Amino acid sequence: MTTSEQTSDLINCVCLDDKVIRRQECEHCAIRQRMLFSQLDLESLSTWLWPIHQMRCDARTVVYHQGQPAQTVFSLRQGFIKLVRYSENGDQHIVRLLGPGSCVGLEAMLQDTYEHQAEALTDVDFCAIPVKTINAIQHQQPGLCKELGRHWQQHLSQADTWLSTLLAGPVKRRVSNLLVMLHDLQKLPNNQVMLMSNQDIASILATTEETVSRCLSQLRRDGLITPLQKRYFTVDLPGLAANNA
């Protein structure tokens, strides 16, 4: 079975099940101001929106594979997705984390295949928007071009931050920077952060799981993070900032 066939089967079984798929209701979206169609006149576009579906997937679901034909952009409503790039020898590296309001798979607007594998870190809720629909809407409302540009700029800014704070300097500082970045991305109450697995953290920081484990243990001993349940922690943001100075 090819990668595309495996992905199709996965989506048909998990994402497009009648119990979890709904027609879009953009006008009632709770976070519409952060979504791709935030500035559009939806009433005049009602006939163009029917191909869009709101979908839900479980954590660890692969939304699309690297190299898969790119025909859809995903506008993330809830949850978090990691973008993973695989090398020719099978090594993987997490290149970006995306949260609510983000567009996933934007490269579908410009090229035929996806550059990364998109995998749900948590349960996710998103709108699947066919590229053909986006192109049609752009002809009706050119303001969508500005929104697409805004999302591209967000991706570029995050990539710059990623390179400057997560891939340079001592590993302990990079772990601290990641904790602050996750806090800003997740926006959980009471300075809480949900950490992904040590394997994922090692992939992000280009280090080993053992080194990540040692750094997290040291941060716990220093009182900068406090475990709550499973992978949830409270973080001392001023302390982490001082630790990074």
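Against the definition (modelled with pLDDT under 90 and aliphatic (A, V, I, L, M)), how does L83 come out, yes or no? Spelling it out, it is not the case that L83 is modelled with pLDDT under 90 and aliphatic (A, V, I, L, M). Can you find a residue in segment 193-201 that is over 27 Å from G90 (Cα atoms) and touching a His at 6+ places or on another chain (Cβ under 7 Å)? Checking segment 193-201: at least one residue is over 27 Å from G90 (Cα atoms) and touching a His at 6+ places or on another chain (Cβ under 7 Å). When L83, L97, L76 are checked against the criterion of being crowded, with 23+ Cβ neighbours inside 10 Å and not acidic (D, E), L76 stands alone in meeting it. Identify the residue in segment 220-245 that is in a helix (DSSP H, G or I) and touching a helix residue (DSSP H, G or I) at 6+ places or on another chain (Cβ under 7 Å) and, among all such residues, is farthest from A168 (Cα to Cα). Top of the filtered list is L237.
Within segment 60-106, being of a type in the set (A, V, I, L, M, F, W, C) and under 20 Å from L179 (Cβ atoms) holds for F80, I81, L83, I94, V95, L97, L98.
Here S176 does not fit the description of being surrounded by fewer than 17 Cβ atoms within 10 Å (Cβ to Cβ) and farther than 23 Å from G79 by Cβ.
Sub-8 Å Cβ pairs linking a first residue in segment 169-185 that is assigned by TED's automatic domain parsing to the domain that holds T211 to a second residue that is small (G, A, S) and in a helix (DSSP H, G or I), at least 6 apart or interchain, are V180/A241, ordered by first then second residue.
Yes or no, residue by residue, for (1) at pLDDT 95 or above; (2) part of a helix (DSSP H, G or I); (3) of a type in the set (A, V, I, L, M):
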residue: Q154; (1), (2), (3): no, yes, no
residue: L163; (1), (2), (3): no, yes, yes
residue: D184; (1), (2), (3): no, yes, no
residue: S213; (1), (2), (3): yes, yes, no
residue: L216; (1), (2), (3): yes, yes, yes
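Restrict the check to segment 97-109 and report whether at least one residue is of a type outside the set (G, A, S), in a loop (DSSP other than H, G, I, E, B) and either over 20 Å from the mean Cα position of the chain (by Cα) or at pLDDT 90 or above (or both). Looking for residues that are of a type outside the set (G, A, S), in a loop (DSSP other than H, G, I, E, B) and either over 20 Å from the mean Cα position of the chain (by Cα) or at pLDDT 90 or above (or both), one finds none in segment 97-109, hence no.
The values are calculated or read from the model by the stated rules, or taken from the named source; none is laboratory data. Since we're looking at a predicted model, the values are computed, not measured. Glycine also receives a Cβ, built like all others from the backbone with ideal geometry; neighbour counts cover every protein chain displayed.
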